[in-house]
Amino acid sequence: MFSILTNITPLEGNFILMERIYLDNNATTIVDPAVKSAMEPFFSQMYGNPNSLHDFGSEVHPYMQIALDRLYAGINAGNNDDMIFTSCATEGNNTVIKGVYYEIIRNSEKNEIITTQVEHPCVIHSCKFLEELGVKVSYLPVNSDGIIDKDILTEYIDPDKTALVSIMWANNETGLIFPIKELGTLCRENGILFHTDAAQAIGKIKVDVQDAPVDFLTFSAHKFHGPKGAGCLYIRNGVKIPPLLHGGEQMGGKRAGTVDTAGFIGMGLAMELAVENLDYEVTEVRRLRDKLEDAILSIKDTRVIGRREIRTPNTILTSIKGVEGEALIWDLNKNGVAASTGSACASESLEPNPTFVAMNIDDELAHTGIRLSLSRFTTEKEIDQAISVIRKSVERLRSISMSNI
Ligand code: 7TS
């Protein structure tokens with residue numbers, strides 16, 4: 001098994017001969033070379049278990065502390081708040097939703113959860129699981145802007161019944177940014193716990209938990225040029241939920257299992273770099289995104305979902321008349337451009353994008369969504385090349401569909 005794996009190198013695939021353009025950064029991102037270098041010593045030199053009592057264990061502690069400090073600073077967490085290492089945003093989201101069930105819903109009159117129709121499947125499916133245990137869950141529709149506003153949430157919350165509101169900070173398909181400060185404040189005023197999935201917000205917009213009153217916040221390092229398999233769950237001081245993983249006393253007993261030290265240290269640096277590069281993200285990445293978006297909109301019968309001003313600077317969800325999303329992804333891929341139909345987690349299905357359904361967009365463009373997502377590593381040359389490839393692909397696919405009529 002080992003030899004098979006080590007024998008496969010990307011160089012053996014013929015795809016490597018073509019210059020590829022990666023526009024699927026909402027699925028995952030390239031690891032920043034500085035992050036990769038910072039992680040390396042923890043595989044071969046300082047590989048001790050941080051919970052061991054000998055030097056191999058203890059020599060890792062200062063590096064983990066630096067990473068932790070960077071994570072606290074990155075979201076402006078308070079000193080007494082908790083920051084728990086997880087393997088990914090999926091784990092963090094499961095921990096919050098199931099944790100609130102065990103801590104509150106099972107033991108009180110509060111037995112309702114409110115979330116949205118456009119959350120990531122890890123939130124939706126965790127909620128569906130709790131529905132089977134008798135929890136009432138409301139999946140809120142989005143408004144005509146594609147987001148949840150305070151008015152919609154006000155209609156649904158009930159201070160006596162609602163245990164948790166879980167609403168993403170930014171949507172993975174559209175990039176639409178939800179008004180987390182207002183929504184969190186509303187929950188706080190009504191004594192309701194508020195969770196936000198910030199997987200698509202970190203590194204793209206400012207995330208500040210002192211400014212926006214959230215009780216739980218989750219993210220994954222690989223969405224902001226950190227490693228895969230590393231994530232974080234922020235818990236405000238004083239809020240209590242049980243761990244999802246029981247076992248040893250790692251993370252103060254809040255998440256058992258030996259910590260992936262390299263991943264944790266890499267995530268800390270990735271966070272610091274993400275914050276440092278925020279200005280670049282909202283100016284240069286946005287400029288390139290807008291250039292690409294303008295070019296797509298200059299093609300006849302195309303649409304982009306959501307107003308630019310309320311989207312993360314890197315994301316475009318477009319639908320193109322006469323071109324199915326899957327066919328376009330396939331054609332673009334063949335020509336060196338990586339895009340997606342939406343969430344890679346749902347890419348096996350040919351269902352319309354959840355946002356189209358939630359926004360009630362049901363016209364002839366509805367099934368043709370493709371998502372293009374940039375990063376700070378995307379270059380102008382790549383965008384120019386992508387524009388040319390997209391134009392040709394759309395033309396080709398439209399001519400095929402016309403000739404089939
Ligand atoms: N939450 C949001 C908002 C996400 O976009 C994703 C991944 C997750 C949670 C899960 O992250 P993980 O690291 O636990 O897997 N979203 C996508 C996507 O849009 N395309 O591929 C993965």
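The set of residues in the stretch 276-303 being open to solvent by less than 30 Å² (accessible area, probe 1.4 Å) and of a type in the set (Val, Ile, Thr) consists of 285, 296, 299, 302.
The residue of the stretch 191-215 that is farthest from the ligand (Cβ to nearest atom), among those that are among the hydrophobic types (A, V, I, L, M, F, W, C) and over 19 Å from residue 78 (Cα atoms), is 192. Restricting 74, 78, 92, 99 to those that are within 16 Å of the ligand (Cβ to nearest atom), in contact (Cβ under 8 Å) with a residue 40 or more places away in the chain and among the small types (Gly, Ala, Ser) reduces the list to 92.
Within the stretch 236-255, does at least one residue satisfy the condition of being within 16 Å of the ligand (Cβ to nearest atom), closer than 18 Å to residue 103 by Cα and part of a strand (DSSP E or B)? Spell out how you get there, then give the answer.
First pass over the stretch 236-255, keeping only residues within 16 Å of the ligand (Cβ to nearest atom): 244-245, 255.
Applying the additional criterion that residues be closer than 18 Å to residue 103 by Cα yields 244-245, 255.
Filter once more, so that each one left must be part of a strand (DSSP E or B): none.
For the stretch 236-255, residues within 16 Å of the ligand (Cβ to nearest atom), closer than 18 Å to residue 103 by Cα and part of a strand (DSSP E or B): absent.
Out of all the residues in the stretch 135-158, which are within 23 Å of residue 190 (Cα to Cα) and either open to solvent by 60 Å² or more (accessible area, probe 1.4 Å) or among the charged types (D, E, K, R) (or both)? Break it down into steps so the answer makes sense when it comes.
Here is the first cut: in the stretch 135-158, the ones within 23 Å of residue 190 (Cα to Cα) are 135-143, 147-158.
Answer for the stretch 135-158, where residues must be within 23 Å of residue 190 (Cα to Cα) and either open to solvent by 60 Å² or more (accessible area, probe 1.4 Å) or among the charged types (D, E, K, R) (or both): 136, 149, 150, 151, 154, 155, 156, 158.
Annotation: residue 204 fulfils all but one of (1) under 30 Å from residue 108 (Cβ atoms); (2) out of contact with any Lys or Arg (no Cβ under 8 Å at 6 or more places or on another chain); (3) crowded, with 18+ Cβ neighbours inside 10 Å; the unmet one is (1). Is one or more of the residues making up the stretch 120-134 open to solvent by 60 Å² or more (accessible area, probe 1.4 Å), assigned to a loop (DSSP other than H, G, I, E, B) and of a type in the set (A, V, I, L, M)? Yes, the conditions are met somewhere in the stretch 120-134.
Summed over the stretch 16-27, residues that are open to solvent by 30 Å² or more (accessible area, probe 1.4 Å) and part of a loop (DSSP other than H, G, I, E, B) total 3. Considering (1) crowded, with 23+ Cβ neighbours inside 10 Å; (2) under 21 Å from the mean Cα position of the chain (by Cα), the lone condition that residue 187 does not fulfil carries the number (2).
One residue stands out in the stretch 369-405 among those that are under 20 Å from residue 322 (Cα atoms) and of a type in the set (Val, Ile, Thr): the one that is surrounded by the fewest Cβ atoms within 10 Å (Cβ to Cβ), namely 405.
In the stretch 33-99, which helices (runs of 4 or more DSSP H) lie fully inside it and hold 1 or more residues that are modelled with pLDDT of 95 or more, open to solvent by 40 Å² or more (accessible area, probe 1.4 Å) and basic (Lys, Arg)? If you could, list the steps in order and put the result at the bottom.
On the way: elements: 33-39, 41-44, 55-58, 61-75.
Once the helices (runs of 4 or more DSSP H) in the stretch 33-99 are filtered for at least 1 residues that are modelled with pLDDT of 95 or more, open to solvent by 40 Å² or more (accessible area, probe 1.4 Å) and basic (Lys, Arg), what remains is 33-39, 61-75.
Being open to solvent by 60 Å² or more (accessible area, probe 1.4 Å) and in contact with a helix residue (DSSP H, G or I) (Cβ under 7 Å, 6 or more places away or on another chain) is a description that does not apply to residue 106. It is to be established whether one or more residues within the stretch 321-337 are within 21 Å of the chain's Cα centre (by Cα) and free of Cβ contacts under 8 Å to residues at least 24 places away in the same chain. Scanning the stretch 321-337 turns up no residue that is within 21 Å of the chain's Cα centre (by Cα) and free of Cβ contacts under 8 Å to residues at least 24 places away in the same chain.
The values are calculated or read from the model by the stated rules, or taken from the named source; none is laboratory data. In this text the structure is predicted, and so the values were computed from the model without any measurement. Heads up, the Cβs are rebuilt from the backbone with ideal geometry, glycines too, and the neighbour counts pull from every protein chain shown. Surface accessibility is based on the protein's heavy atoms, side chains included, excluding ligands, DNA and RNA. Shrake-Rupley method; radii C 1.70, N 1.55, O 1.52, S 1.80 Å.
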